[in-house]
1. Within the stretch 196-226, how many residues turn out to be modelled with pLDDT of 95 or more and either on the phi > 0 side of the Ramachandran plot or not in a helix (DSSP H, G or I) (or both)?
2. For the stretch 58-82, name all the residues that are closer than 14 Å to residue 121 by Cα and under 16 Å from the mean Cα position of the chain (by Cα).
3. Looking at (1) surrounded by fewer than 18 Cβ atoms within 10 Å (Cβ to Cβ); (2) farther than 23 Å from residue 227 by Cα, which one does residue 64 not meet, given that it meets all the others?
4. I need the full set of residues from the stretch 268-279 which are buried (at least 21 other Cβ atoms within 10 Å of the Cβ) and over 14 Å from residue 236 (Cα atoms), in order please.
5. Considering each of 230, 134, 168, 164 in turn, give the residue that is at pLDDT 95 or above, surrounded by fewer than 19 Cβ atoms within 10 Å (Cβ to Cβ) and in a helix (DSSP H, G or I).
6. With the condition being at pLDDT below 75, at negative phi and in contact with a helix residue (DSSP H, G or I) (Cβ under 6 Å, 6 or more places away or on another chain), I'd like the helices (runs of 4 or more DSSP H) fully within the stretch 1-85 carrying at least 1 qualifying residues.
7. Taking the stretch 142-178 as the region of interest, how many residues are closer than 15 Å to residue 219 by Cβ and more than 20 Å from the chain's Cα centre (by Cα)?
């Protein structure tokens with residue numbers, strides 16, 4: 001039997017790539033300019049950015065709760081917010097861009113529901129990407145003159161890529177019932193549960209409208225937080241430019257070649273914002289400050305992880321494991 005080939009590069013390779021990209025970006029920095037930006041920074045704008053991002057995370061938790069309930073996992077708002085906060089905090093230091101998602105999928109699930117919990121996280125993350133692209137087009141329509149043509153072209157290409165991936169996923173779910181016979185007998189129930197859970201998360205106009213609107217609100221608040229952060233260092237970047245940049249950088253960071261997107265994110269900001277006349281120093285500083293901003297806004301997750309009582313999740317998981325998923329969430 002031949003050893004399995006790893007799809008992702010080893011952690012040490014991704015660490016080297018991150019360090020290399022950061023070193024490349026750092027070589028373009030003008031330290032005096034960066035120091036001037038920071039010394040003249042406005043703390044009030046920065047705190048406003050923290051508040052906007054905290055509100056975005058709260059909206060994200062409520063949105064995820066809708067998917068959990070659709071998949072037949074019984075949770076209250078309090079436990080969902082707590083697990084969402086813990087996952088967001090863990091994303092700061094885990095060696096992958098999706099480490100925090102894996103944490104919340106594990107904590108939200110239990111024996112008998114972990115597959116469904118993981119599906120809700122994947123659906124949540126994928127549909128948020130669609131929301132980011134949609135919000136970028138809305139912001140572009142509101143102020144198209146401020147966005148360079150190269151960024152518009154990049155957004156159009158990203159939209160095509162995301163649309164193609166969405167259609168491919170929809171087709172895979174649609175034909176999964178016909179293809180389940182090809183899977184090993186032991187894995188057929190898992191495949192059926194995955195397909196059924198995806199359908200449950202995307203079934204019904206009311207659910208789709210609610211999650212779509214909350215997704216747009218989440219992405220809007222995220223861009224507002226980034227705009228406030230730029231204002232805090234007196235960096236004049238149009239809101240529409242940032243709205244277009246965010247999904248493009250987000251797509252770049254999903255490429256699993258670095259540690260939690262480090263280096264790729266900074267390089268993405270430099271590349272995209274350069275089209276709008278933002279210097280490499282300012283773009284890198286904005287990216288690094290956004291990392292600090294996220295770490296501060298997700299700090300409550302560390303507190304939730306420390307004070308989380310064992311009794312609450314045990315009761316929660318006991319309820320989930322004893323409940324049967326809705327029929328439409330299991331059947332292919």
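1. The qualifying residues number 0.
2. Passing the criteria: 60, 61, 62, 63, 64, 65, 67, 81.
3. Failed condition: (1).
4. 268, 269, 270, 272
5. Selected residue: 134, the only one of 230, 134, 168, 164 that is at pLDDT 95 or above, surrounded by fewer than 19 Cβ atoms within 10 Å (Cβ to Cβ) and in a helix (DSSP H, G or I).
6. 11-26
7. So the answer is 1.
The values are calculated or read from the model by the stated rules, or taken from the named source; none is laboratory data. Values in this document were obtained by computation on a predicted structure and should not be read as measured data. FYI the Cβ positions are ideal-geometry reconstructions off the backbone, even for glycines, and counts take in every protein chain you see.
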